[in-house]
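One structure is given below, encoded as structure tokens.
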Amino acid sequence: MAMIKVHGYQLSTATAMVRACLNEKDLEYEFVIVDLSKGAHKQPPFLALNPFGQVPVIQDGDLTLFESRAIVKYLAKKYEGQGTNLLGSTIGEQAMVEQWSHVESQSFTAPCSEVVFQILIVPMIGGKTDQAVVDSSLKKLSNVLDIYEERLSKSKYLAGSFFSLADLQHLSYIHALVNLAGQGEVVTSRVHVKTWWEDISSRPAWKKVAEAMKL
């Protein structure tokens, strides 16, 4: 059986999400670097894999798949019997994983990514960080994390007592926020969110990926 290929970039949060999932599932894969700094994601060879020109893309046998959350769900389902069960064991657990995975994509990631973009990316491309946007995004993120704090005061992980895709999908974004953009206080100031973050970010599957996400 051919090895899974991951086309991505080390600093890409979406790529890191997929690599963390592959590690949790104990899957070997070939990492094909798409150099975003040189615009490789907008060139014909990569656009043939993803016409939207965004990383990551995986190739698993005859299947070519893009969109990081679709990829991790596919990997969790296809390789369910291998490595960490990231989906939950009952219909109820699976529904909770789905619910909190949607919360990540719909409520958490937009303000988190905006903070990281303003602090890290804008200066890289010659611009100046807009502090008003940072402050506004941190306020939105704080409101979301207040809800997380309440949830995590009653549950070890977002979907229940087990680590799942709902937690995994947060790893790369919180890592970028805390360790690259220096905005850790929004996480560490909440007791239960802090405990949860320290737990999930210490997982060996994630630590391997985090080492590659250095500026």
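The values are calculated or read from the model by the stated rules, or taken from the named source; none is laboratory data. As the structure is a computational prediction, the values presented were derived from the model and not from experiment. Note: ideal-geometry Cβ built from the backbone for every residue, glycine included; neighbour counts use all protein chains shown. When the accessible area is computed, the model is the full protein with side chains, heavy atoms only, and any ligands, DNA or RNA have been set aside. Shrake-Rupley method; radii C 1.70, N 1.55, O 1.52, S 1.80 Å.
Things to note:
- Averaging the sequence gap over all C-alpha pairs within less than 8 Å and six or more residues apart, then dividing by the number of residues, gives segment 107-152 a relative contact order of 44 percent.
- Quarter of Cα convex hull surface for segment 1-122, i.e. mean projection, nm²: 8.3 nm²
- Probe 1.4 Å - accessible area at His192, Å² to nearest ten: 70 Å²
- Scattering curve values for segment 113-153, log₁₀ I(q)/I(0), Debye with Cα scatterers, q = 0.14, 0.22, 0.27 Å⁻¹: -0.38, -0.67, -0.82
- In the distance distribution for the chain, Cα-Cα pairs more than 32 Å apart total 16 percent.
- Summing +1 for each Lys or Arg and -1 for each Asp or Glu among the other residues whose beta-carbon sits under 13 angstrom from that of Leu141 gives -3.
- Applying a DSSP loop filter and a limit of 14 other Cβ atoms within 10 Å to the GluC sites (Glu not before Pro) in segment 159-215 leaves Glu211.
- Total formal charge among the other residues, if their Cβ is under 15 angstrom from that of Leu152, Lys/Arg +1 and Asp/Glu -1: -2
- Largest to smallest accessible area among Thr90, Thr129 [probe 1.4 Å]: Thr90, Thr129
- Taking 15 Å as the straight-line reach from the Cα of Lys207, the aspartates and glutamates in range (excluding those fewer than 8 positions away in the same chain) are Glu24, Asp26, Asp167, Glu198, Asp199.
- Relative contact order (%) - the chain, alpha-carbon pairs under 8 angstrom, separation at least six: 23 percent
- Counting charges near Met213 (Lys, Arg +1; Asp, Glu -1) among other residues having Cβ under 14 Å from its Cβ returns a value of +3.
- Heavy atoms of the protein chains alone define the surface here; on that basis segment 1-143 has 52 Å² accessible area per residue at 1.4 Å probe size.
- Expressed as a whole percent, the accessible area of the chain that falls on carbon and sulfur atoms is 54 (1.4 Å probe).
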